[in-house]
Amino acid sequence: MKLLVTGAAGFIGSAVVRLAIAKGHSVVNLDALTYAACLENVASVADSPLYAFEKADICDREALDRIFATYKPDAVMHLAAESHVDRSIDGPGAFIQTNVTGTYTLLEAARAYWQGVGKPDEFRFHHISTDEVYGSLGPTGQFTEDTPYDPRSPYSASKAASDHLVRAWGETYGLPIVLTNCSNNYGPYHFPEKLVPVVILKALAGEPIPVYGDGANVRDWLFVEDHADALLTVLTKGTLGRSYNIGGENEVSNLELVKMICALLDDRHPKGAPHADLITFVADRPGHDQRYAIDPTRIRTELGWRPSVTVEEGLARTVDWYLENKDWWRALQNRQGVGERLGKA
Ligand SMILES: NC(=O)c1ccc[n+]([C@@H]2O[C@H](COP(=O)([O-])OP(=O)(O)OC[C@H]3O[C@@H](n4cnc5c(N)ncnc54)[C@H](O)[C@@H]3O)[C@@H](O)[C@H]2O)c1
């Protein structure tokens, strides 16, 4: 297939591109190269004849029309977004602009292109979203695809709005859509402002490892390469118009996760051990969702997909990757806001 992947210089999009090219798909990476982007993430495939890059903003309709006309994609995988909850607390405007207006602009460009080539049924607009649209769970229960939306941060509200737009374009204009809502990802090439890399890099530097609140918030952690595999499965086998929840079947509290990373570092980087001594509880994130958990029944039973990696295996691979790729993360540490406490409101 010929795929147009938005946001593919980011964490998850780049994993999608690496996997899609390994599977023989051709890919156009459309990315505005914001603070969160790093073309190094796709360096391993950049010389492939199957790969092309277009620097463009998804709010720029003219650029989008040109890119659709040039590459004539069979499918769009839409990952471009502002993605950091803490930044959405400090500056929600960029989240509304990219996640809502940008998704609207991309939908309109995709619709015009799809109508112009005779509305092929096989075309797909795959919108990649988050489980955070469902809000916060108590100690029990899981999110199904029928859980009502209840977003509680500017980030999750902007993603919920984009999900609604995508569904509306499917219903109203017949645009062939699929959606996915995924739990927290981790793995190689994770931008150094997100929890897992923050813990690794603070521990390596011998600096306090910040844990928000009491660290009891629970997330369902998914290895990014498993997510990329799930996305290509949904794109190629998912039922038109349907949404699929994707989870790791790995519920862990933030504090447990931080301790697991510290233990891996004690083993692999004994200097500074025990790294858990660096754990420091800091003021909680305003409106911090308590628990997310995914019911993966639909993707498992309908598409036969389940994660291949446990959180123990995935974290070990991730820690090893950060130890072996210091040049990658060192180059990103001087980007604006990285290493600072953001989102205190
Ligand atoms: N990270 C997670 O745990 C997670 C979980 C579920 C869903 N998601 C969703 O997956 C997608 C990718 O997340 P990520 O963690 O890889 O994000 P990321 O922040 O690492 O990457 C986002 C990419 O989008 C690009 N981008 C931002 N604004 C743009 C614009 N206006 N035009 C074009 N490109 C733009 C950035 O340059 C960057 O390369 C997002 O839609 C996010 O909501 C993420």
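The values are calculated or read from the model by the stated rules, or taken from the named source; none is laboratory data. Since the model is a prediction, treat every value here as computed from it, not as a measurement. Here Cβ is always computed from backbone atoms with ideal geometry, including for glycine, and neighbour counts include all displayed protein chains. Each accessible area value is taken on the protein alone, full model and side chains, heavy atoms only, with ligands, DNA and RNA left out. Shrake-Rupley method; radii C 1.70, N 1.55, O 1.52, S 1.80 Å.
Structure data summary
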quantity: Filter pass, Ala276 being in contact with a helix residue (DSSP H, G or I) (Cβ under 6 Å, 6 or more places away or on another chain), away from the ligand (no atom under 16 Å from the Cβ) and hydrophobic (A, V, I, L, M, F, W, C); calculated: yes
quantity: Restricting the stretch 97-142 to residues that are open to solvent by 40 Å² or more (accessible area, probe 1.4 Å) and among the acidic types (Asp, Glu), the residue that is farthest from the ligand (Cβ to nearest atom); calculated: Asp121
quantity: Residues within the stretch 8-35 that are part of a helix (DSSP H, G or I) and within 12 Å of the ligand (Cβ to nearest atom), tallied; calculated: 7
quantity: Extreme residue, surrounded by the fewest Cβ atoms within 10 Å (Cβ to Cβ), among residues of the stretch 143-156 that are out of contact with any Asp or Glu (no Cβ under 8 Å at 6 or more places or on another chain) and touching a residue at least 12 places away in the same chain (Cβ under 8 Å); calculated: Pro148
quantity: Selection within the stretch 49-63 - of a type in the set (Ser, Thr, Tyr) and either in contact with a Cys (Cβ under 8 Å, 6 or more places away or on another chain) or over 17 Å from Ala9 (Cβ atoms) (or both); calculated: none
quantity: Pick from the stretch 51-96, criterion of a type in the set (Val, Ile, Thr) and open to solvent by 20 Å² or more (accessible area, probe 1.4 Å), ranking: nearest to the ligand (Cβ to nearest atom); calculated: Ile96
quantity: Filter result (at negative phi, open to solvent by 10 Å² or more (accessible area, probe 1.4 Å) and within 11 Å of the ligand (Cβ to nearest atom)) within the stretch 160-191; calculated: Asn184, Asn185, His190, Phe191
quantity: Filter result for Leu222 (of a type in the set (A, V, I, L, M), modelled with pLDDT of 95 or more and more than 10 Å from the ligand (Cβ to nearest atom)); calculated: no
quantity: Members of the stretch 314-338 that are surrounded by 12 or more Cβ atoms within 10 Å (Cβ to Cβ), of a type outside the set (Phe, Trp, Tyr) and under 17 Å from Ile261 (Cβ atoms); calculated: Gly314, Leu315, Ala316, Arg317, Thr318, Val319, Asp320, Leu323, Asn325
